[in-house]
1. Give me the residue from the range 30-50 that is surrounded by 15 or more Cβ atoms within 10 Å (Cβ to Cβ) and in a loop (DSSP other than H, G, I, E, B) and, out of that set, farthest from the chain's Cα centre (by Cα).
2. Taking the range 1-25 on its own, how many of its residues are in contact (Cβ under 8 Å) with a residue 40 or more places away in the chain and assigned to a loop (DSSP other than H, G, I, E, B)?
């Protein structure tokens, strides 16, 4: 069963965030704890780690802004 990657709520007042870049390629094998994308919120950035081991599938392009909870990708 795939692990769904959703836009995290990284700050109390956060409503949306932007996936500024993918650090792992679409179709790449990733391990839990490995940074997989960079998130921008309120003009600060942070790397987001993989929550699981598996194959990463991008469901949005870098530069996409999404509301908290919207799907970014999945790990199968």
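Laboratory data are not the source of any read-out in this text; all were calculated from the coordinates shown. As the structure is a prediction and not an experimental result, all values here were calculated from the model. Positions of Cβ are backbone-derived with ideal geometry, glycine not excepted, and every protein chain shown enters the neighbour counts.
1. Applying the filter and picking the extreme gives 34.
2. Summing the residues that are in contact (Cβ under 8 Å) with a residue 40 or more places away in the chain and assigned to a loop (DSSP other than H, G, I, E, B) in the range 1-25 gives 6.
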